[in-house]
Amino acid sequence: HRLPYNQEYCDAFCQHLPFTTISQHTLVTGEALTFYVPWCGLEAVPLAEKRIRWNELPIGNVIWGPLLGGMAIKYGPCTEVLWTMPIFRVPEQYLADLKKAGRAIWEATFNTKELIEVEYRIKGSQK
């Protein structure tokens, strides 16, 4: 779901959809998934009117950080205090699935070394 803030910032992100990337898990921050995005979005940074510290974000928030070249999804507790620019929130009914995906990506990142591709697109879009 789109958030009630950072709308223009979110629009700038959505202009680049769809894209496919490889999922990764954070190393020590906590329960978060990270993904590189295939473009540089530095021009969009001024559009983000609200920034929230990563450890204060609600579970299920999706952030886009063009300064770091990626995005992330928080699926559980995190200790990182960096400022983030959230763009979406995973709907409540999918948080349990997000947690399962997070654990599978943790396993792939640290044990099996399996590459897990993720496609981002607007729901219902053929593009």
To test your reading of the geometry: what angle, between 0 and 90 degrees and rounded to tens, separates the Cα axis of helix 95-107 from the longest principal axis of the chain?
60 degrees
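Please report the carbon-and-sulfur percent of the accessible area for the chain; probe 1.4 Å, protein heavy atoms only, DNA, RNA and ligands left out.
On the chain, the fraction of accessible area on carbon and sulfur atoms equals 59 percent.
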At K99 and K123, where each label point lies 7 Å from the Cα along Cα→Cβ, what is the point-to-point distance in nanometres?
2.0 nm
Farthest towards the positive end of the dipole of the chain, among W64, C40, Q7 and with Cβ unit charges of +1 on Lys and Arg and -1 on Asp and Glu, lies the Cα of Q7
GluC sites (Glu not before Pro) in region 41-108 lying in a DSSP loop, each with at most 12 other Cβ atoms within 10 Å of its Cβ, come to E49
Springs between alpha-carbon atoms under 10 Å, Gaussian network over the chain: tell me which of P46, P86, P77 tops the mean-square fluctuations.
P46
At 0.36 nm per residue, minus the direct Cα-Cα distance, what do R51 and E92 gain on full extension? Give it in nm, one decimal, please.
12.6 nm
Lysine-lysine proximity count for the chain, Cα under 23 Å, sequence distance 8 or more or distinct chains
9
Using DSSP to define loop residues, name the trypsin sites (Lys or Arg not before Pro) in region 23-89 whose beta-carbon has at most 16 other beta-carbon atoms within 10 Å.
K50, R51
Where nothing but the Cβ of Lys and Arg (+1) and of Asp and Glu (-1) is charged, how large is the charge dipole of the chain around its Cα centre, in debye to the nearest 20?
180 debye
With the radius of gyration and the Kirkwood radius both derived from the Cα set of region 14-107, what is their ratio Rg to Rh?
0.94
Judged on accessible area alone, 1.4 Å probe, highest first, W54, W106 line up as W106, W54
Inter-part distance where region 55-127 and region 1-54 are each reduced to a Cα centre, Å
9 Å
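The values are calculated or read from the model by the stated rules, or taken from the named source; none is laboratory data. Being a predicted model, the structure only gives us computed values, none of them experimental. Here Cβ is always computed from backbone atoms with ideal geometry, including for glycine, and neighbour counts include all displayed protein chains. Accessible surface is based on the protein model in full, side chains and every heavy atom, while ligands, DNA and RNA are left aside. Shrake-Rupley method; radii C 1.70, N 1.55, O 1.52, S 1.80 Å.
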